[in-house]
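Visitor: Just passing along the structure, written as structure tokens.
The values are calculated or read from the model by the stated rules, or taken from the named source; none is laboratory data. As the structure is a computational prediction, the values presented were derived from the model and not from experiment. Every residue, glycine as well, gets a Cβ built from its backbone with ideal geometry; the counts of neighbours run over all protein chains shown. For the accessible areas, the whole protein counts, side chains as well, though only heavy atoms, and no ligand, DNA or RNA atoms are used. Shrake-Rupley method; radii C 1.70, N 1.55, O 1.52, S 1.80 Å.
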Amino acid sequence: MTAEPALTVTGQPASEALGPEWELWLASAEDAEPIAAVVRAAFAARPPVDPPAPGVRETAGNIAALLAEGTGVTAWVGDRLVGVILLTPAGPVEDPWASAFLQRVSVHPDVQQHGIAGAMVEAVQRLASDRGSTEVRLFVRAEFPGLQQWWRRHGYRVVERRDHGVVLARRVPVRVEVPRAEDMHALGVRLAALLRPGDVVLADGPLGAGKTTLTQGLGEGLGVGDPVISPTFVLSRVHRPTGGRPGLVHVDAYRLGSPEELDDLDLDSSAEHSVTVVEWGRGRAEQLSDDRLEIEIQRTTDADATDRTRPDSRTVVITPVGDRWDGVDLQSLDPQGGQR
């Protein structure tokens, strides 16, 4: 393996069928040949189309050229490369990385259906964010409606129709470094200023990551009249507004066994006039709205994580999904954004 590690992701456990752990790494031109082999295998496994997809005849030289222009993510099982997504600039000449394009999205047929593609998509979106991109795009053939639907489930939407297919796009995540618990609270206050009635926020992260602290700041920013505490034992709490801002519906989905159980909470009766925040919402609450903010709170894993002066350091990844967030300046949530 000659690739360098993708610093924005960690290794993921593989299924018994895959054997050892699979990991995500930054794509390297030195691995152009195995990358090309995976692309050829993945595209050949799809039904034939006319004209043929270029990935069927992929070469190491073309992969190296694309990587010279951009970057990418590869997936490995041990020493075997099994997946790849390449990322190239697609913005205007004066700011080529304002928009980025996903290319050669491939997982070897032997290891599909194990979550590798979804993990690579999340990683490459973060790479685009690190490059300064505000959106990522890709082209999907018209012959593959199921593939288009897969991308829609991951927050992509059709923005352009071309011969033989469509271009789908998604805003990239905003990453905010949060060194202390009070900074998490302050982030919630800033977020409240961008929200309006009907908005849905899904907050995820490990136990003690700061989901409730973030929601408490959001409640302060909305001006709700009662304290925001964890709704773990009642599943949901409704906080009424005291001014002209929307109220807050605070949901804890940790103990829900399926997305269907969320329907039993009858959130529709209050969601229209409130902001709904669902802790532990990933995989359980996406059906609440096609337009939502997905927030993941990660414990810092760099050297600062062991610094006793920064025990609460977190990285908050904010991903907008849907038309609602077009034109909304989510970068304003990062007080350090203009200083990087």
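Visitor: Output ³J(HN,Hα) for segment 98-108: one whole-Hz value per residue in order, computed from phi by the Karplus curve 6.51 cos²θ - 1.76 cosθ + 1.60 with θ = phi - 60°, and x for Gly and Pro.
Guide: Karplus-based 3J(HN,Hα) across segment 98-108 equals 4, 10, 10, 10, 7, 9, 6, 5, 8, 10, 4 Hz.
Visitor: Starting from 0.36 nm per residue, how many nanometres of slack lie between VAL167 and VAL328 once their C-alpha separation is accounted for?
Guide: 55.8 nm
Visitor: Residues with beta-carbon under 15 Å from that of GLU58, excluding GLU58: net charge, scoring Lys, Arg +1 and Asp, Glu -1?
Guide: Residues close to GLU58 contribute a combined charge of +2.
Visitor: Between ARG299 and TRP150, what length comes free when the chain is fully extended (0.36 nm per residue of separation minus the Cα-Cα distance, one decimal in nm)?
Guide: Numbers: separation 149, 0.36 × 149 = 53.64 nm, distance 2.89 nm.
Going from the current span to full extension adds 50.7 nm.
Visitor: Between ARG46 and GLU33, what is the label-to-label distance in nm when each label sits 7 Å out along the Cα-to-Cβ direction?
Guide: With each label placed 7 Å out from Cα toward Cβ, I get 2.6 nm.
Visitor: Let me ask something else about it. Give a residue-ordered list of calculated ³J(HN,Hα) values for segment 157-164 (Karplus: 6.51 cos²θ - 1.76 cosθ + 1.60, θ = phi - 60°; whole Hz; x for Gly, Pro).
Guide: Residue by residue, segment 157-164 yields 9, 6, 10, 7, 10, 10, 4, 6 Hz.
Visitor: Tell me which GluC sites (Glu not before Pro) from segment 18-53 have a DSSP coil assignment and no more than 14 other beta carbons within 10 Å of their own.
Guide: Hits after loop and neighbour filter: GLU21.
Visitor: Taking a probe of 1.4 angstrom, what is the accessible area of PHE101 in Å², to the nearest 10?
Guide: 40
Visitor: Here's a follow-up. Excluding GLY118 itself, what net charge comes from residues whose Cβ is under 12 Å from its Cβ, given Lys and Arg +1 and Asp and Glu -1?
Guide: Values: positive: ARG153, ARG282; negative: GLU122.
Charge balance near GLY118 sits at +1.
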